[in-house]
1. Considering only DSSP states other than H, G, I, E and B, which GluC sites (Glu not before Pro) in segment 104-145 qualify as loop sites with at most 11 other Cβ atoms within 10 Å?
2. Average the reciprocal distances over every distinct pair of alpha-carbons in the chain, invert the result, and give the Kirkwood radius in Å.
3. Scan the chain and note any complete DSSP helix (H) whose C-alpha atoms cover at least 18 Å along its axis and whose Kyte-Doolittle average is -1.0 or more.
4. Describe numerically, in nm with one decimal, the distance between label points set 7 Å from Cα along Cα→Cβ at E26 and at K10.
5. If exposed means no more than 15 neighbouring beta carbons inside 10 Å and the site is in a DSSP loop, what's the longest run of the chain without any exposed chymotrypsin sites (Phe, Trp or Tyr not before Pro)?
6. What number, in percent, do you get for the relative contact order of the chain if the mean sequence gap of Cα pairs under 8 Å and at least 6 apart is divided by its residue count?
7. Each residue of segment 9-20 in turn: what ³J(HN,Hα) in whole Hz from Karplus with 6.51, -1.76, 1.60 and θ = phi - 60°, glycine and Pro shown as x?
8. Give the residue list of GluC sites (Glu not before Pro) in segment 14-44 that are DSSP loop and have at most 16 other beta-carbon atoms within 10 angstrom.
Amino acid sequence: MVFDFIELVKSRQACRDFNDLPLEKELVEKIVEVARLTPSACNSQPWKMYCVTSDEKVEKVRDALTCDGRNLYLKKAKAFIVLGEKATTLKEDVLKKFSIDYFVKYDIGELIAYITLTAKSLGVESLIVGWLDHEKLKKVIDFSEGEDCSIVIALGYSNSPLRDKNRRKESEVIEFI
C-alpha cells in the first residue's frame, strides 16, 4: 500500500460531530504506540499519555472538558488521551542556554500532531481540546508530582463530510528569502 502523507494531512480535521459507533480499545493502543515514537528535545519525552477508554472515566473526563457550557460536542466522544506534561532532563549544554521546561510545549505540540495524524490514518477522528477544568481533571487522572495538563485529545468516529480548509493565503504565511 502506498502511503500518501499529503492526502492524510488534507483529510485530517477537528471533529465536532462524533457519532455513536464504539471505538475499539485496540485502536487507541495503536495510536499511542505510534505516538510514543515522537521525537523530542534531547529525547526528553516530557509527556505521559493517559488513555481514557472506560465508559465511567470517559464520562468524568468529558465533565472536566465541558465546564462552563463549553465543548458540548464531546457528548459522543468515545475515548480521550489526556496529555500529562512534565519537564524532564536536558543535556547540560542545552540547560546553559534554555530553562528545563523551554522545549516542553514544542514537544507536546509535535506529540499532538503524531497522535491526531496516526488516529486519522486508522480512520479515527480527533479533536484537540484546550478548554478544561484542571481541578476536575486532577480528580480523574492521577498526575505525578510536578505534572500538568493543558491539552486533551478526544477520539471517535464521525459521519460528517470533509470541510473545505479555510486557510490564509500562501503569501501571508510563507515567504522564501
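What follows draws every value from the coordinates through simple rules; no lab data is involved. Keep in mind it's a predicted model, so treat the numbers as computed, not measured. Glycine also receives a Cβ, built like all others from the backbone with ideal geometry; neighbour counts cover every protein chain displayed.
1. Within segment 104-145, the qualifying GluC sites (Glu not before Pro) (loop, at most 11 other Cβ atoms within 10 Å) are E145.
2. 17.5 Å
3. 104-121
4. The modelled label-to-label distance comes out at 3.1 nm.
5. Details: sites that count: F3, F98, Y102, W131, F176.
That gives 4-97 as the longest site-free run.
6. That works out to 34 percent.
7. For segment 9-20, the Karplus-derived couplings read 4, 5, 8, 7, 9, 5, 8, 10, 8, 5, 9, 7 Hz, x marking Gly and Pro.
8. Counting only loop positions with at most 16 other Cβ atoms within 10 Å, the GluC sites (Glu not before Pro) in segment 14-44 are E24.
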